[in-house]
1. Hey, can you tell me all the residues within region 46-74 that are within 23 Å of I130 (Cα to Cα), assigned to a loop (DSSP other than H, G, I, E, B) and either of a type outside the set (D, E, K, R) or out of contact with any Ser or Thr (no Cβ under 7 Å at 6 or more places or on another chain) (or both)?
2. Answer yes or no: is there a residue in region 1-16 that is under 20 Å from Y113 (Cα atoms) and of a type in the set (K, R).
3. Here is a check on your reading of the model: is R6 in a strand (DSSP E or B) and either in contact (Cβ under 8 Å) with a residue 24 or more places away in the chain or open to solvent by 60 Å² or more (accessible area, probe 1.4 Å) (or both)?
4. Return the total of residues in region 63-94 being closer than 22 Å to L8 by Cα, open to solvent by less than 20 Å² (accessible area, probe 1.4 Å) and either of a type in the set (D, E) or in contact with a Gly (Cβ under 9 Å, 6 or more places away or on another chain) (or both).
5. Considering region 130-153 alone, what residues qualify as being under 20 Å from D110 (Cα atoms), part of a loop (DSSP other than H, G, I, E, B) and open to solvent by 40 Å² or more (accessible area, probe 1.4 Å)?
6. Out of (1) surrounded by 12 or more Cβ atoms within 10 Å (Cβ to Cβ); (2) assigned to a loop (DSSP other than H, G, I, E, B); (3) modelled with pLDDT under 60, the odd one out for P127 is which?
7. Can you tell me which condition A155 does not meet? The list is (1) closer than 19 Å to S4 by Cα; (2) modelled with pLDDT under 65, and all the others hold.
8. Quick check on my filter: what residues within region 9-43 are farther than 25 Å from K107 by Cβ and either open to solvent by less than 30 Å² (accessible area, probe 1.4 Å) or touching a residue at least 40 places away in the same chain (Cβ under 8 Å) (or both)?
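The values are calculated or read from the model by the stated rules, or taken from the named source; none is laboratory data. Not measured: the values here are computed from a predicted model. Cβ placement follows ideal geometry from the backbone for every residue including glycine, while neighbour counts extend to all protein chains displayed. To get the accessible areas, we keep the full protein, side chains included, count just its heavy atoms, and leave off ligands, DNA and RNA. Shrake-Rupley method; radii C 1.70, N 1.55, O 1.52, S 1.80 Å.
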Amino acid sequence: MGGSVRDLSLGLLPHDIDLVTTGDPEPLARSFADAIGGSFFVMSEEFKACRAVSADGRLVYDFTACRGAHIVEDLGERDFTANALAIELPIAEDRDGPCAPPAVAGKLIDPFYGAAHLSTRELVPVPDTIFNEDPLRLHLAVRLAQTGLQVLGTAPALLLFTQPLPPLRP
């Protein structure tokens, strides 16, 4: 989900893969790291976020617990519609959980039209308030604009006015 789906949609190879699970991500991330011969660590117990890193250190896999009652709620907390994309992966259990994905494996989950925005090279905030909640996401807007995406919505104005103006001199 997230930036990895965005990068793949843009024809770029992702360097990190974001995965969301309905349960505790730690056992899944730990098992995954063992399976690929990589390393594992907990990034945040509060946010239930874990990371597995490939043995060669070239790929990072971030595992998190689904935020909200459904995957759409989780995606709604993302910064841009281009990052509010997910692809269902086949799973063996918990098909009816609160973040249960659609029934078809590999189906794109795109509740905020991120794929359409990407096709027109538009970078649109999910909620405009996202920059007030986390001003560092403005840095991401600048970085993504460097890939040829046009920043839309209130983001351009926020990029100009989020820093306090220097005091006026007499």
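1. Listed by number, the residues that qualify are E46, F47, C66, R67, G68, A69, H70.
2. Of all residues in region 1-16, those under 20 Å from Y113 (Cα atoms) come to 1-12.
Still in the running and of a type in the set (K, R): 6.
Looking through region 1-16, at least one residue is under 20 Å from Y113 (Cα atoms) and of a type in the set (K, R).
3. Judged against the criteria, R6 is not a match.
4. Residues in region 63-94 being closer than 22 Å to L8 by Cα, open to solvent by less than 20 Å² (accessible area, probe 1.4 Å) and either of a type in the set (D, E) or in contact with a Gly (Cβ under 9 Å, 6 or more places away or on another chain) (or both): 11 in total.
5. Within region 130-153, L152, G153 qualify.
6. All conditions pass for P127, except number (3).
7. Just one mismatch for A155, condition (1).
8. Hits for region 9-43 are A33, G38.
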